[in-house]
Amino acid sequence: MSGMVQKRGFGHYMTHAGLIVGVLIIFFPIWLAFVASTVTQPEIVKPPMPLWPGDQFFANYKSALVSGVNAPVARMLMNSAIMALGIAFGKISISLLSAFAIVYFRFPGRKFFFWMIFLTLMLPVEVRIVPTFEVIARFGMLNSYQGLIFPLIASATATFLFRQFFMTVPDELTEAARVDGARPMQFFWDILLPMSRNNIAALFVILFIYGWNQYLWPLLITTDPSMNTIVMGIKQMFPSGDDVADWPVIMATSILAMVPPVIIVISMQKLFIRGLVDSEK
Amino acid sequence: MALLLPQLIITVAFFFYPAGQAIWQSMFISDPFGLKSQFVGFGNFEFLLSDPFYRASFATTAVFSGLVTVASMGVALFLAVLADRLIKGSGVYRTLLIWPYAVAPAVAGVLWLFMFNTRVGVVSWYLGNLGYDWNHVLNDGEAMGLVVVASSWGRISYNFLFFLAGLQAIPKSVIEAAAIDGAQFWTRFRTIVFPLLSPVTFFLLVVNIVYAFFETFGVIHTITSGGPQQATTILVYKVFSDGFVGQDLGSSAAQSVILLVIVGALTIVQFRYIERRVHY
Amino acid sequence: MATIKLDGLRKSFGKTEVIHGIDIDIEDGEFIVIVGPSGCGKSTMLRMVAGLETVTSGEVQINGVRVNELEPMDRNIAMVFQNYALYPHMNVFDNMAYGLKIAKTPKPEIAERVGAAAKLLQLEEFLQRRPRELSGGQRQRVAMGRAIVRKPDVFLFDEPLSNLDAKLRVQMRLEIKELQRSLGVTTLYVTHDQVEAMTLADRMIVMNDGMADQIGAPLDVYEKPATVFVAGFIGSPATNFFGGDLVTGSQNTALISAFNDDERAALGQPATMIGIRPEHLQVCEPNSAFLTLTVKYTEALGAETLIHGKLPKGDAITIRQSGHLPMPEGGQEIGAVWSEHSVMVFEQNGRRV
């Protein structure tokens, strides 16, 4: 597309203009939230609020982190981090092992397990909320990190992706390792894992964001505000009834809720996009 | 063999068991205290299918996901076409446009709520100045509009990435051949680019619909709580409100099962299509 | 240092038998080439010796010990694969050292062995590079280096040169030959290229559809092919074949050519085939020839000339002569003669008489 219609001049500038407008529109809500997090409450309550950042940056963010509205945001950030990292690492490790088992070993029921795993691709957690809640309650895992993490690593999407990747590893490589004397687990550790680095990295980004942005599930199983994750905790900062919300703090929290995922996505951008686009095939 | 064990245990305990439970529970009606339950077979399902509220929710979901899908894919395609035209610089725009992907739907909900809040929202204030009284708390259409926009906003990044990759994968020689044959931009787009993009488009269609069905819970809960008067109660939200707020476990479970069937069907369609397309 | 013995080796995949019984005794230090067209089973045989395929019946012995049940790593063999199979995330040094590392060889010894192999293969400056930064030929050598450092009893090569360009192939096969000679390790080498086989082998196994049509030294196979297949496969341009029989008379043999089976049957003899190599035919005047042919076209290749013609009954025939002899013209009728011992007669079942 580019070479043919790339003209210096009108078409070119229009293209850039269009994209810039697009970026501005997309960024507007984020920008506004940032501004709101740097001004005082009265400035917001009396519309229109200013469109340029104020000077309350440190005050508001400190207030949010230290006391928040019903729980310190710093605590919520930590909860989110633990949950997201737990989900990412947990899912990746068990999937690697399962995919390895499915691709490289022959054992009875292999096909059955594969289809079983395949089934789980189809159902996000939202569909099984009620009974999963009961299971977690029965295990006594309400209001706990395990409760936050386990149900979200139960689906086998990552296993499937790794399986697809492992199948592209040439047989010759496995045979060469066999001739070299590597036992299966050595092969897994010394050769398969390093070769999977790209996929693991991409999956890490995706899973981290998936875990960090979880809403419904943490909402259900945490009743203790100190276990709130930051994404679900924001809604709870809104007062019920007619009170005015503490907008600066809420907005500061929103911005904080965005920062870790954005950092991870941007810094691993190349890797992640390649992995995303390739893995969905 | 033992390698599979961790995966198996977790999947069975936290997936199959609850899923099975959901199916089981869907066939019971329990009293509000959860003390007694009565087997009703497909009774819950029958009730749901004739329940006007449930049907309304169905319609709402259809409208909602349709709008979100079209909006987010349309804008994304437009931006991707623009970005594809650039030889350099597309990377910068890509970096900038990725941001919303990292934003949780629930947070997106809060951001848009903030802008349109009846009391302090900037946009609603400006609209007020122009004579338009925005109030999504009372007005169905505006509530729907707001959640659609908030949901689409986050989705644009994801679709943009895929469309851009798809566009960049089209061999330039094909486009150039068409141009030599005399086709102008719009014709080229219609007859060559778009058909070649169809695998990506189809894939995104399914993924976006699934997204609209499920992951938008956060948006709805944050902005409208399903209101006003259930005007924005999409199916998954209803599962939540009936099950957790209304404590009607049987009905909620039945609704889960219905959703399960829908998603299952969509996923199967997607896989069949992809498998077929891959051999090309 | 090892001898290899294959005793009645057979292999079936499901109900299909693909290797129909191979027997050979290989001496210590011998370079054996298994050659044949695609699909004849040569790679399968190699992999059975390696331990990567199971043996359906028969025995593989290394140094007199039955190894059928042993894993590759327990047979003390090393293998060079067609696509080199280098570990992409490791540099050259680690690639070569991997097998030794697993065997828990002490580090200094690893460094020494890898260093020696690298020197032998001129890889010293590449030790820190990754496979993707190397050319095809260099990767080839790394694959060989990996095999050498393990000091195995047997080297196994699975069409290692097929992915290289023609010029590199010629150079590499000489290097392999020299390497093997200096290391003296028993080697089994699989290829579909008969030129490679002729150059490298101490003895060849010519495989045809799962059977070993002939086992012997290259020149023996060339001069005394056991079957039509071997005669046609070895040597380029390919042997000329036509139906016919020898009539022994004076010291020169003349031909009765009966080009179709009906005529043959009418003569009441079993249908035999005559095989003559293009390089064994000499052009002469038609009236003093054993055979006459009409020239269709000629290929002037510089050092040699190929004359393609047609025999009276329609069979194609090719004559190869030195480049500085006069070339006949298209359409011209010429004659051909040959020396007595260069003609080959084959019976109906393909076996040579």
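When you go through (1) within 25 Å of C:L219 (Cβ to Cβ); (2) of a type in the set (A, V, I, L, M, F, W, C); (3) modelled with pLDDT of 90 or more one by one for C:C40, which number turns out not to apply?
Result: C:C40 fails condition (3) only.
Taking the conditions exactly as written (more than 19 Å from the chain's Cα centre (by Cα), touching a residue at least 24 places away in the same chain (Cβ under 8 Å), at negative phi and facing chain A (nearest Cβ under 9 Å)), does B:S90 satisfy them or not?
yes
Select from region A:89-104 the residues that are within 8 Å of chain B (Cβ to nearest Cβ) and in contact (Cβ under 8 Å) with a residue 12 or more places away in the chain and write down the one among them that is nearest to A:T157 (Cα to Cα).
Taking the candidates together, the pick is A:S95.
What tally of residues in region A:141-175 results from selecting those that are closer than 14 Å to A:I102 by Cα, assigned to a helix (DSSP H, G or I) and small (G, A, S)?
1
Quick check on region A:35-42. Is at least one of its residues within 23 Å of the chain's Cα centre (by Cα) and among the small types (G, A, S)?
There is no residue in region A:35-42 that is within 23 Å of the chain's Cα centre (by Cα) and among the small types (G, A, S).
Residues of region B:1-24 being at pLDDT below 70 and either within 13 Å of B:V257 (Cα to Cα) or part of a loop (DSSP other than H, G, I, E, B) (or both), which ones?
Matches in region B:1-24: B:M1 only.
Check whether at least one residue in region B:214-227 is buried (at least 20 other Cβ atoms within 10 Å of the Cβ), of a type in the set (S, T, N, Q) and touching a Gly at 6+ places or on another chain (Cβ under 8 Å), and report yes or no.
Yes - at least one qualifying residue is present in region B:214-227.
Of the conditions (1) within 9 Å of chain A (Cβ to nearest Cβ); (2) at pLDDT 80 or above; (3) surrounded by 19 or more Cβ atoms within 10 Å (Cβ to Cβ), B:R85 satisfies every one except a single condition; which number is it?
Against the list (1) within 9 Å of chain A (Cβ to nearest Cβ); (2) at pLDDT 80 or above; (3) surrounded by 19 or more Cβ atoms within 10 Å (Cβ to Cβ), B:R85 comes up short only on (2).
Quick check on region C:116-124. Is at least one of its residues more than 29 Å from C:R169 (Cα to Cα), assigned to a helix (DSSP H, G or I) and more than 24 Å from the chain's Cα centre (by Cα)?
Looking for residues that are more than 29 Å from C:R169 (Cα to Cα), assigned to a helix (DSSP H, G or I) and more than 24 Å from the chain's Cα centre (by Cα), one finds none in region C:116-124, hence no.
Residues checked against (1) more than 30 Å from B:F64 (Cβ to Cβ); (2) within 11 Å of chain A (Cβ to nearest Cβ):
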residue	(1), (2)
B:S173	yes, yes
B:T187	yes, no
B:I192	yes, yes
B:S198	no, no
B:F203	no, yes
B:I209	no, no
B:F213	no, yes
B:G218	no, yes
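Please find, within region C:178-191, the residue that is nearest to the chain's Cα centre (by Cα) out of those that are buried (at least 18 other Cβ atoms within 10 Å of the Cβ) and of a type outside the set (A, V, I, L, M, F, W, C).
C:T191
Output the residues belonging to region A:50-88 that are within 12 Å of chain B (Cβ to nearest Cβ) and either within 30 Å of A:G211 (Cα to Cα) or touching a Leu at 6+ places or on another chain (Cβ under 8 Å) (or both).
Answer for region A:50-88, where residues must be within 12 Å of chain B (Cβ to nearest Cβ) and either within 30 Å of A:G211 (Cα to Cα) or touching a Leu at 6+ places or on another chain (Cβ under 8 Å) (or both): A:L51, A:S80, A:A84, A:I87.
Among the listed residues B:Y132, B:Y101, B:Y126, B:Y158, which satisfies the condition of being closer than 27 Å to A:Q41 by Cβ, hydroxyl-bearing (S, T, Y) and in a helix (DSSP H, G or I)?
Residue meeting the stated conditions: B:Y126.
If you scan region C:83-99, which residues turn out to be farther than 20 Å from C:D158 by Cα and more than 9 Å from every other protein chain (Cβ to nearest Cβ)?
C:N91, C:V92, C:F93, C:D94, C:A97
What's the number of the only condition in (1) surrounded by 18 or more Cβ atoms within 10 Å (Cβ to Cβ); (2) within 12 Å of chain A (Cβ to nearest Cβ); (3) of a type outside the set (A, V, I, L, M, F, W, C) that B:T69 fails to meet?
With respect to (1) surrounded by 18 or more Cβ atoms within 10 Å (Cβ to Cβ); (2) within 12 Å of chain A (Cβ to nearest Cβ); (3) of a type outside the set (A, V, I, L, M, F, W, C), B:T69 is out only on (2).
Can you name every one of the helices (runs of 4 or more DSSP H) wholly within region B:168-280 that holds 3 or more residues which are over 27 Å from B:F45 (Cα atoms)?
Ranges flagged: B:172-180, B:185-188, B:194-214, B:217-223, B:249-278.
Within region A:44-69, can you find the residues that are part of a helix (DSSP H, G or I), at pLDDT below 75 and crowded, with 19+ Cβ neighbours inside 10 Å?
Within region A:44-69, A:I44 is the sole residue that qualifies.
Output the residues belonging to region C:15-53 that are more than 14 Å from chain A (Cβ to nearest Cβ), among the β-branched types (V, I, T) and within 24 Å of C:G232 (Cβ to Cβ).
C:V18, C:I19, C:I22, C:I24, C:I32, C:V33, C:I34, C:V35
Which residue, of A:P170, A:P194, A:P108, is in contact with a His (Cβ under 6 Å, 6 or more places away or on another chain), without any contact (Cβ under 8 Å) to a residue 24 or more places away in the chain and surrounded by fewer than 20 Cβ atoms within 10 Å (Cβ to Cβ)?
Selected residue: A:P194, the only one of A:P170, A:P194, A:P108 that is in contact with a His (Cβ under 6 Å, 6 or more places away or on another chain), without any contact (Cβ under 8 Å) to a residue 24 or more places away in the chain and surrounded by fewer than 20 Cβ atoms within 10 Å (Cβ to Cβ).
Considering each of C:E124, C:E175, C:E71 in turn, give the residue that is of a type in the set (D, E, K, R) and within 14 Å of A:A176 (Cα to Cα).
Sole residue among the options that is of a type in the set (D, E, K, R) and within 14 Å of A:A176 (Cα to Cα): C:E71.
Among the residues of region C:68-82 satisfying the criterion of being surrounded by 15 or more Cβ atoms within 10 Å (Cβ to Cβ) and over 26 Å from the mean Cα position of the chain (by Cα), which is farthest from the other protein chains (Cβ to nearest Cβ)?
For region C:68-82, the residue satisfying everything is C:L70.
Name, by its number, the condition in (1) away from chain A (no Cβ under 14 Å); (2) in a loop (DSSP other than H, G, I, E, B) that does not hold for B:V63.
B:V63 satisfies every listed condition except (2).
The values are calculated or read from the model by the stated rules, or taken from the named source; none is laboratory data. Every value quoted in this text rests on a predicted model; they were computed, and no experiment measured them. Because the Cβ atoms are built from the backbone with ideal geometry, glycine has one as well, and the counts that use them run over all protein chains shown.
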